[in-house]
Amino acid sequence: MEIFVWILVLMAVTGPSYSADECSWRGSGLSRPEQGVEQVFLHCAEGSVEFLYPNGALRLTLLPRLPRHRVGGTSRMPSSVCVKPEPQWGGAQLYLERGGVLELLVSDTPGPSYIRCFSITPGESPALFLQATPHSDISRRIAALRYELRGDRTAGLSVNSVDAEIDTEEGACRPCNDTEMLMSVCTSDFVVRGNIRVVDADSEHRVSVIRVTATRVYRQKWPLFSSVGRLTHTGEIRTLLRCGVRAGSGSFLFTGHAHFGEAWLTCAPRYKDFLRVYERAKQDLQIPCTLDT
């Protein structure tokens, strides 16, 4: 692809017109050579990039220093990367570089809540090119994005999954079986017991928003559910609109993952059904981890 050859020829490290840490980068294109390519190395599982007044290009290499996670005795590394441009995105295009080929991930004018994900293989260090597009006035243009490295849950998303909010693989709406239900308690970013207040349909973003009153928060890696009393929390959980989630009475056990600061559903069995499965597995000494029931 011609643009890839052009980038390799012009590869150069520019001056320190930026601020960076191991997770994020922020810089301006005003003091950069118009056709320079700056190397940026990011070493975290998530972070952000903010390119003010885009000019030239950035080559973003993801080199996360992450501990390996063990699931069922198997060592795993993150198997997918997701990127999400901020609402004010403009003045640049984002490409995935793989095997000497550039594939467009984000255009100069992405749609609302545009998220792109792609799979990675063990040992691979993904590289992204953030390329400024020609404009007569760059003073009001900002190319800002967030990135996340995720586990197998988003591995089914490819660079052809346009406007993908999260999982679009086959079976994303399928109820969890007993084994998946038990494993989700161990591996999810949040585990809460609660009731559904209402389910709202967000047609623009193609998601259902489940508004939950939680009577017990077993675990949350991020503040997804806020306290409204000594024993009560509230929060929102998202899932795909096509799954057709409806409000139901009774107590549920909600598990899932945080995705760009939002809670996304993995399993939601009724609590009494989960308890039955959990107690049977406990008696058979087959529970992967314990939960204070």
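Read-outs throughout are calculated quantities, based only on the coordinates presented, and are distinct from any laboratory measurement. Since the model is a prediction, treat every value here as computed from it, not as a measurement. Note that we place each Cβ from the backbone using ideal geometry, even for glycine, and neighbour counts take in every protein chain shown.
Observations, loosely collected:
- Close amide H partners of Glu38, meaning residues 5 or more places away or on another chain with modelled amide H under 5 Å apart, are Ala57, Leu58, Arg59.
- Computed from backbone phi with θ = phi - 60° and the Karplus coefficients 6.51, -1.76 and 1.60, the 3J(HN,Hα) list for region 44-59 is 10, 6, 7, x, 9, 9, 10, 9, 7, 6, x, 8, x, 7, 10, 10 Hz; x is used for glycine and proline.
- Remark: region 83-89, residue by residue, has Karplus-estimated 3J(HN,Hα) of 10, 9, x, 6, x, 8, 3 Hz, where x stands for each Gly or Pro and the curve is 6.51 cos²θ - 1.76 cosθ + 1.60 at θ = phi - 60°.
- Proximal lysines relative to Lys282, as straight alpha-carbon distance under 16 Å, when same-chain residues fewer than 8 apart are discounted: Lys272
- Across region 183-198, rounded Karplus estimates of 3J(HN,Hα) from the backbone phi angles (6.51 cos²θ - 1.76 cosθ + 1.60, θ = phi - 60°) give 5, 5, 5, 7, 10, 7, 6, 9, 9, 9, 9, x, 10, 8, 7, 6 Hz, Gly and Pro being marked x.
- Relative intensity, log₁₀ I(q)/I(0), of region 178-283 from a Debye sum that treats every alpha carbon as a point, q = 0.10, 0.19, 0.22 Å⁻¹: -0.26, -0.95, -1.24
- Sequence of Asp292, Asp284, Asp21, Asp273 once ranked by neighbouring C-beta atoms within 10 Å, starting from the fewest: Asp292, Asp284, Asp21, Asp273
- For Ala144, the residues whose amide H sits under 5 Å from its own are Phe51, Glu86, Trp89, Gly90, ignoring neighbours fewer than 5 places away on the same chain, with H placed 1.01 Å from N.
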